[in-house]
Every structure is written in structure tokens, then in C-alpha cells.
Amino acid sequence: MKIRYNAPVVLTFGLLSTVILMLDLYAGTNLTLRLFSVPGRSAFEPSSLVHWLRLFTHVLGHASWAHLLGNVALILLLGPMLEEKYGSGRLLGMILVTALATGIANILLFPTGLLGASSVVFMMIILSSFANRRGNEIPLTFILVVIIYLGREISAAFQQNNVSEFAHLIGGLCGSVFGFLRTKGRS
């Protein structure tokens, strides 16, 4: 038996996120704040190419090992199934759209910065509930996942913490849209 790089988008995402955190923590590069986080509303500079790039790259930056492991564990669990179902290119496109939507929402609505892959995790959680959707059905798993995961995020949004529940909700919304669009017309 041999080891196969079976989900290139998912595995590369996890590897890049890990390397970035390691460089920050052990080499003192400060990469996360410079390249892998979205600045808040008042700090975003529209004339800066790096700031536009960070609208996509913020999903690779993490604040700690616990933050990284929480996100990457779920991405490694859900991602390979989604990458097999939708293909590497489409899954990468979904990740990029989710990152962009979350980044734009953050600079428009919030004064604080944003980093981490939790929007991608929530996109994958919701999208995975569409894995066996047929025709015009709405999977009961989708309804239950929305109630459980997104309901929890809505209630948590009113608590004081360092978590961007709004990013989770945007990720869930993206997963819902992708699930309905990508499975439309399939039987």
C-alpha cells in the first residue's frame, strides 16, 4: 500500500495554514497580521494590493494551535468528500468565494480584523448536508444542520468573545447557496 495525496486542495490548505502558524510562532515572522488577516473597517486601504489579497488569504491565518487544529480537523474530515464530489477546482472556487464574501463583509461591517478558516468550515458543514441531494428535494439533514450549527452561532453572536459568529454565518450561507446551485437538476 502507498500513501496518496487524495485531496490536494484540502491537504494543501491544511499544510499552508500549519506552515504559516509555525512561521509566526517560532520564527517571529508576523506573517499572519501582515498577509493572512483582513483588517477592520477603518484600517482597510482600498489602494493597497496587499489588502485586496488579504480578502482571500485570511482563511489561512490562525491565532493559535487550538484555533488552527479546530478548523483544520473539520476541514480534513469534510473536505475530501466534498473535493471528490465537486472536484478540486470547484472546491477551491467555493473556498475562495467564501473567503472573499467573509472578508468583504468584515471590512464593511466590523472595526476589528478577521482571520481563520471557520467560514470555510461552516461552508463545508452546510455543503456536506447536500451530499446525496436528488432533484428538487431539500435534504432533512440540511434543515437540521442549519438549525443546530447556525442557530448556535446566532445565539452566540450576542455573547462577548473573540469569535466571529458573523463569519460562520456567511460561511453557512455560502455553503447553502453552493449546495442548491451545484446540485440543481441532478437526480
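The values are calculated or read from the model by the stated rules, or taken from the named source; none is laboratory data. No experiment lies behind these values; they were computed from the predicted model shown. All Cβ positions, even for glycine, are placed from backbone atoms using ideal geometry, and neighbour counts span all protein chains on display. What goes into the accessible areas is simple: the full protein's heavy atoms, side chains included, and nothing from ligands, DNA or RNA. Shrake-Rupley method; radii C 1.70, N 1.55, O 1.52, S 1.80 Å.
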Problem set entry | Flag if Ala117 is open to solvent by 30 Å² or more (accessible area, probe 1.4 Å), over 13 Å from Gly179 (Cα atoms) and under 12 Å from the mean Cα position of the chain (by Cα) | no
For this session: Pick out the one residue from Thr98, Thr112 that is among the hydroxyl-bearing types (Ser, Thr, Tyr) and in a helix (DSSP H, G or I).
Result: Thr98
Problem set entry | Test for Ser155: is it modelled with pLDDT under 80 and surrounded by fewer than 19 Cβ atoms within 10 Å (Cβ to Cβ) | yes
Exercise. When only residues in region 1-41 that are of a type in the set (Val, Ile, Thr) and touching a residue at least 60 places away in the same chain (Cβ under 8 Å) count, which is surrounded by the most Cβ atoms within 10 Å (Cβ to Cβ)?
Worked result: Val38
Problem set entry | Boolean, Leu55 is within 19 Å of Ala101 (Cβ to Cβ), at pLDDT 95 or above and crowded, with 16+ Cβ neighbours inside 10 Å | yes
For this session: Inspect all residues belonging to region 102-113 and state whether any of them is small (Gly, Ala, Ser), touching a residue at least 12 places away in the same chain (Cβ under 8 Å), crowded, with 19+ Cβ neighbours inside 10 Å and out of contact with any helix residue (DSSP H, G or I) (no Cβ under 7 Å at 6 or more places or on another chain).
Result: yes
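Consider Leu74 carefully, then state whether it is under 12 Å from the mean Cα position of the chain (by Cα), open to solvent by 40 Å² or more (accessible area, probe 1.4 Å) and modelled with pLDDT of 95 or more. Explain how you work it out, then say what you get.
Values: under 12 Å from the mean Cα position of the chain (by Cα): yes; open to solvent by 40 Å² or more (accessible area, probe 1.4 Å): yes; modelled with pLDDT of 95 or more: yes.
Yes: the conditions hold for Leu74.
In region 116-135, what residues are part of a loop (DSSP other than H, G, I, E, B) and modelled with pLDDT of 95 or more? Spell out the reasoning first.
Start the filter on region 116-135 by keeping residues that are part of a loop (DSSP other than H, G, I, E, B), which leaves 116-117, 129-135.
Scanning region 116-135 gives Gly116, Ala117.
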